[in-house]
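Structure first, then comments.
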Ligand SMILES: [Zn+2]
């Protein structure tokens, strides 16, 4: 297997931030970021961009819609030990 190259890493950063990258790929990506500062900068940039977008979305989501989303998420979650508390 060849070493992960920067183009590949850039394509996978989005998946990585979504938590949708497989474990094997995540290990390779993190390893690459560890010794490639341009990619590290880009990953940080993407992460910041994401948190800004998320904050903006939350601020602009009407309360009733946010509640509907929350209950939809809740109904999909399996009942855990904390649900009883
Ligand atoms: Zn790189």
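Every number in this text was worked out from the coordinates using simple rules, so none of it is lab data. Small disclaimer: the values here were computed from a predicted structure and weren't measured. Quick reminder, even Gly has a Cβ in these numbers, built from the backbone with ideal geometry, and neighbours come from all protein chains shown.
Filter the range 41-51 down to the residues that are more than 16 Å from the ligand (Cβ to nearest atom) and either touching a helix residue (DSSP H, G or I) at 6+ places or on another chain (Cβ under 8 Å) or in contact (Cβ under 8 Å) with a residue 60 or more places away in the chain (or both) and list them by number.
50
Could you please find all residues in the range 14-40 being within 10 Å of the ligand (Cβ to nearest atom), surrounded by 11 or more Cβ atoms within 10 Å (Cβ to Cβ) and assigned to a helix (DSSP H, G or I)?
Within the range 14-40, 29, 32, 33, 38, 39, 40 meet the criteria.
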